Amino acid sequence: MKRTVKISGRTTLVTLVMIFGASCGRAPAPKPCLQFSPDLMPDLAGGLIRKDFRVANAWAVKSDQMIDSSGVKFPAYFLSADIVSPNGEAVVGTWATTEITKPGLIYSVSPQAAKYSSWAKAGDPSTAGINMETAGAKESVSCVLEGRPKSPQAGVSPNATTP
């Protein structure tokens, strides 16, 4: 009986050490999806090249990076949204912004954002280190994909048709 208790105690100790060791080596928890203010959707859409396109389903993820505007550093957020063509086809665009609750600076980060909007492209000195590989960028895209209404056309690139 005494031996059984001793083995059980060792098993418990080994299990606790394994759990503790596994939790120390774990990747950081994903950053939360933040709702982009619906009041700012017209501002974001104002940067679209095609006025018959719209933006919808916008989500942001706070970045560890900063945006430097003329020596003033602002927190950066990755903002992703569906860019929707008139026929309902949508593609996700990603921008960097300084605000998600009031107007702020906006920069195109993803190729889709650069293609469909006229916002300045990230990569200049004020947005150094901000790109689609920066922590938070891909997470913001995931927020959009998870927030999409179920539709058979979701994820299809808008066709560039002549107006």
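Can you find, within segment 121-144, the residue that is surrounded by the most Cβ atoms within 10 Å (Cβ to Cβ) among those that are of a type in the set (Gly, Ala, Ser) and in a loop (DSSP other than H, G, I, E, B)? Looking at residues that are of a type in the set (Gly, Ala, Ser) and in a loop (DSSP other than H, G, I, E, B), I get Ala122. Could you please let me know if Gly47 is crowded, with 22+ Cβ neighbours inside 10 Å and within 19 Å of the chain's Cα centre (by Cα)? No; evaluated as a whole, the condition is false for this residue.
Scanning segment 50-63 for residues that are open to solvent by 40 Å² or more (accessible area, probe 1.4 Å) and under 14 Å from the mean Cα position of the chain (by Cα), we see that the one that is nearest to Ser126 (Cα to Cα) is Lys62.
For segment 64-75, the criterion of being touching an Asp or Glu at 6+ places or on another chain (Cβ under 9 Å) and crowded, with 18+ Cβ neighbours inside 10 Å is met by no residue.
What number of residues within segment 89-118 satisfy the criterion of being within 18 Å of Pro75 (Cα to Cα), open to solvent by 10 Å² or more (accessible area, probe 1.4 Å) and of a type outside the set (Ser, Thr, Tyr)? Looking only at that region, the number is 8.
Test Ala22 against the stated conditions and say whether it is hydrophobic (A, V, I, L, M, F, W, C), more than 29 Å from Asp124 (Cβ to Cβ), modelled with pLDDT under 95 and under 20 Å from the mean Cα position of the chain (by Cα). Steps first, answer last, please.
On the way: hydrophobic (A, V, I, L, M, F, W, C): yes; more than 29 Å from Asp124 (Cβ to Cβ): yes; modelled with pLDDT under 95: yes; under 20 Å from the mean Cα position of the chain (by Cα): no.
Answer is no for this residue.
Restricting attention to segment 76-88 and to residues that are open to solvent by 30 Å² or more (accessible area, probe 1.4 Å), touching a residue at least 40 places away in the same chain (Cβ under 8 Å) and not polar (S, T, N, Q), the residue that is nearest to Phe36 (Cα to Cα) turns out to be Tyr77. Per the listing Asp68, Asp82, the residue uniquely more than 19 Å from Val144 (Cβ to Cβ) and of a type in the set (Asp, Glu) is Asp68.
The values are calculated or read from the model by the stated rules, or taken from the named source; none is laboratory data. Keep in mind that what you see is a predicted model, and the values were worked out from it rather than measured. Reconstructed Cβ throughout: ideal geometry from the backbone, glycine too, with neighbour counts over all protein chains shown. Surface accessibility is based on the protein's heavy atoms, side chains included, excluding ligands, DNA and RNA. Shrake-Rupley method; radii C 1.70, N 1.55, O 1.52, S 1.80 Å.
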